[in-house]
Ligand SMILES: [Zn+2]
């Protein structure tokens, strides 16, 4: 691999905290690369390989893909990305378990990269509920809207509430986030960048970028 050492960042926060939005801004402004694990799994599940078929079956049952497979996929993609010499890599949706966090650390140590930092987007629970209740997504193209919005997307598709954004599903996802938060804060102690993710999107990105620039290792 190259002699430039990319910095690793894990972006995480409750559902609706603006993870993807902020991650995409960082990619643009800092020449980072982004790995969204959910997207990667969906991409692999479309491949006509043994692994692809296996992942497809797991996802269709609504089950979680095991640590070993998730990491295998992540590693393959990481190695490809590292060849492009990015200044940094942002992981979205990974690690989710202690096992995944340990596997990632071994990979990073084996390649002599600096250990990851965690960008933790903090939003109060009642604000999360308010945001997700107002969110609609285009059935056809996936574009996200906020109420008040028209009935149809600019592409003609119908705007609907995502099945994992019903009040019940939101509660469940928030619980999962809280469990994950405990795990990550212990494992990545001393490398967490807490950011209050409430207010203007640009102001929040500015805060994140300032904190990233302060990192020296
Ligand atoms: Zn659309």
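Read the figures in this text as sums done on the coordinates, not as results from a lab. Computed from a predicted structure; not experimentally measured. Don't worry about glycine lacking a Cβ; one is built from the backbone with ideal geometry, like all the others, and counts go over all protein chains shown.
Using the Kirkwood radius built from alpha carbon pairs, what does the Stokes-Einstein equation give as D for the chain at 4 °C and 1.567 mPa s, in µm² per second?
Once the numbers are plugged in, D ends up at 70 µm²/s.
Cα-based Rg (one decimal) and Dmax (whole number) for segment 96-217, in Å?
18.1, 51
At 0.36 nm per residue, minus the direct Cα-Cα distance, what do residue 109 and residue 168 gain on full extension? Give it in nm, one decimal, please.
17.2 nm
For a quick size check, give me the Cα extents of segment 1-82 along its three principal axes, largest first, whole Å.
Principal-axis extents of the Cα atoms in segment 1-82, largest first: 37, 35, 19 Å.
Give the percent of DSSP beta bridges with both residues in the chain that are antiparallel, rounded to the nearest 5.
25
Restricting everything to alpha-carbon atoms, can you work out Rg to Rh for segment 166-217 with a Kirkwood hydrodynamic radius?
Result for segment 166-217 is an Rg/Rh of 1.08.
Helix-only mean residue ellipticity at 222 nm, the chain, DSSP H runs n ≥ 4 weighted -39,500 (n - 2.57), per residue, nearest 500. What is it?
Taking each H run of at least 4 residues, the total per residue is -15000 deg cm²/dmol.
Using a 7 Å offset from the Cα along the Cα-to-Cβ direction at both residue 84 and residue 133, what is the distance between the two label points in nm, to one decimal?
4.0
Taking the Cα centre of each part, how many Å lie between segment 79-115 and segment 124-162?
Cα centroid of segment 79-115 versus Cα centroid of segment 124-162: 32 Å apart.
Working only with C-alpha atoms, what are the Rg and Dmax values of segment 45-115, expressed in angstrom?
13.4, 38
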